[in-house]
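Presented below is the structure to which this report refers.
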Amino acid sequence: MGSIGIVQPLSKHFEQPLPLRSGAALRDYTLVYETYGTLNDDANNAVLVCHALNAGAHVAGVHAGRERSEGWWDNLVGPGKPLDTERFFVIGVNNPGSCFGSTGPMHHNPATGRPYGADFPVVTVEDWVDAQARLIDALGIRQLAAVIGGSLGGMQAMAWTMRHPQRVRHCIAVASAPNLSAQNIAFNEVARRAIITDPDFHGGHYYAHGVVPARGLRVARMIGHITYLSDDSMAAKFGRGLRNGRLGYTTQEIEFQIESYLRHQGDKFSEYFDANTYLLITRALDYFDPAAEHGGDLAAAFAPARNNRFMIVSFTTDWRFAPERSREIVKALVDNRIAVSYAEIDALHGHDAFLLDDARYHALLRAYFERVALEASALRPVDQPPHPVAPPRAGGNAPQRPIAA
């Protein structure tokens, strides 16, 4: 298994306005994306990777001249890796509203000639999926072999099967949920308030003042980061270890190693992430609730996806998107008699486990993508609905039992 090597971001400009769920429209926008591998002659081996909150189009490989610039899912995507770029054409897209190249709050509003700032329209998971579909059109791909994402990316992968079911064959949603719990919305709101109440926020128009609401961003990141880790992983890494080996008897300075770690994460985050983007993306998380349009019936929301196949993966110590939330998804799919495999991985690292190396998790995805590749090679016209196939069994040290209907 090797790295893809040096990769180059690409961009595609769209002049046709993108209608948004809010009733607004995003006009004259650009999407930044990266591709890895080769699109085959039938254009049926493409896999779209959807990013979560603080990631972007740079999924794998490295950027020239930048140290430690590996893509955020580089351990999963590449030659010989579970999502093998010698077999698949992999696409990573940065969503509108993000701060990693695609049109977002930092870009100029064509209506005013000034940065959007707080005036950037509110975007949703469904809006992102529609934007991605336009890019897939521009790349000449009529049907994706698969869409995969973790966390918020998993929500996008599921939304693809609801909004564009004929344009994707497989959906892989990892460490995700059918909507946010009240507790998760509460965490997002506390993080947003930390940003909004920063004196440097200036109502979201801080660009014009030449400042960044860094204090608010630091606190927001610290809050979020706690939710990504499990108690077990924090105990194993930090425990109650003291930073200086002894108590300093202070209420304001750092005493414990975990405090130092969280401040370090907050400092890093405030240097590269945009505060308005944080507000937009956490709101998109809050708003995602496909069952709400069907009277709370998640099975009805998945009804358009009857010709799709699914792999749903959860992690036992993920308390932000707990396994029972994934089981809700599985039940809705089974109620529709949609083919679905479910794996619940016993992992230490909490929500962040979907980004980390785990032999069982990676073996599971490798086995699933093996089946996706074999199916792609057997397909005839790309525009025909896919034929049902039995879900694969996982490889590795602890095979998971698939649930299928």
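For the range 164-195, a residue qualifies if it is among the β-branched types (Val, Ile, Thr) and closer than 28 Å to Asp130 by Cβ, and the qualifying residues are Val168, Ile172, Val174, Ile185, Ile195. Within the set Asp318, Asp286, the sole residue that is part of a helix (DSSP H, G or I), in contact with a helix residue (DSSP H, G or I) (Cβ under 8 Å, 6 or more places away or on another chain) and charged (D, E, K, R) turns out to be Asp286.
Take Ala347 and decide whether it is at pLDDT 50 or above, of a type in the set (Gly, Ala, Ser), over 21 Å from the mean Cα position of the chain (by Cα) and surrounded by 15 or more Cβ atoms within 10 Å (Cβ to Cβ). Against the criterion (at pLDDT 50 or above, of a type in the set (Gly, Ala, Ser), over 21 Å from the mean Cα position of the chain (by Cα) and surrounded by 15 or more Cβ atoms within 10 Å (Cβ to Cβ)), Ala347 does not qualify. Asn75 satisfies every condition listed in (1) assigned to a loop (DSSP other than H, G, I, E, B); (2) under 30 Å from Gln16 (Cβ atoms); (3) in contact with a Lys or Arg (Cβ under 9 Å, 6 or more places away or on another chain) except (2).
Do you know which residues across the range 114-139 are in a loop (DSSP other than H, G, I, E, B) and either hydrophobic (A, V, I, L, M, F, W, C) or open to solvent by 50 Å² or more (accessible area, probe 1.4 Å) (or both)? Quick ask: steps written out before the conclusion?
In the first step, residues of the range 114-139 are kept if they are in a loop (DSSP other than H, G, I, E, B); the result is 114, 116, 120-124, 139.
Across the range 114-139, the qualifying residues are Arg114, Phe120, Val122, Val123, Leu139.
Does Ile196 satisfy being modelled with pLDDT of 95 or more, surrounded by fewer than 18 Cβ atoms within 10 Å (Cβ to Cβ) and either in contact with a helix residue (DSSP H, G or I) (Cβ under 6 Å, 6 or more places away or on another chain) or not hydrophobic (A, V, I, L, M, F, W, C) (or both)? Let's see the steps before the verdict.
Working: modelled with pLDDT of 95 or more: yes; surrounded by fewer than 18 Cβ atoms within 10 Å (Cβ to Cβ): yes; either in contact with a helix residue (DSSP H, G or I) (Cβ under 6 Å, 6 or more places away or on another chain) or not hydrophobic (A, V, I, L, M, F, W, C) (or both): no.
For Ile196, the condition - modelled with pLDDT of 95 or more, surrounded by fewer than 18 Cβ atoms within 10 Å (Cβ to Cβ) and either in contact with a helix residue (DSSP H, G or I) (Cβ under 6 Å, 6 or more places away or on another chain) or not hydrophobic (A, V, I, L, M, F, W, C) (or both) - is not met.
Output yes when any residue across the range 40-61 is farther than 26 Å from His351 by Cβ, open to solvent by less than 60 Å² (accessible area, probe 1.4 Å) and in contact with a Ser or Thr (Cβ under 6 Å, 6 or more places away or on another chain), and no when none is. Looking for residues that are farther than 26 Å from His351 by Cβ, open to solvent by less than 60 Å² (accessible area, probe 1.4 Å) and in contact with a Ser or Thr (Cβ under 6 Å, 6 or more places away or on another chain), one finds none in the range 40-61, hence no.
The values are calculated or read from the model by the stated rules, or taken from the named source; none is laboratory data. Because the structure is a prediction, the values reported are computed rather than measured. Neighbour counts are summed over all protein chains in view; Cβ atoms, including those assigned to glycine, are modelled from backbone coordinates with ideal geometry. For accessibility, only protein heavy atoms count, side chains too; no ligands or nucleic acids. Shrake-Rupley method; radii C 1.70, N 1.55, O 1.52, S 1.80 Å.
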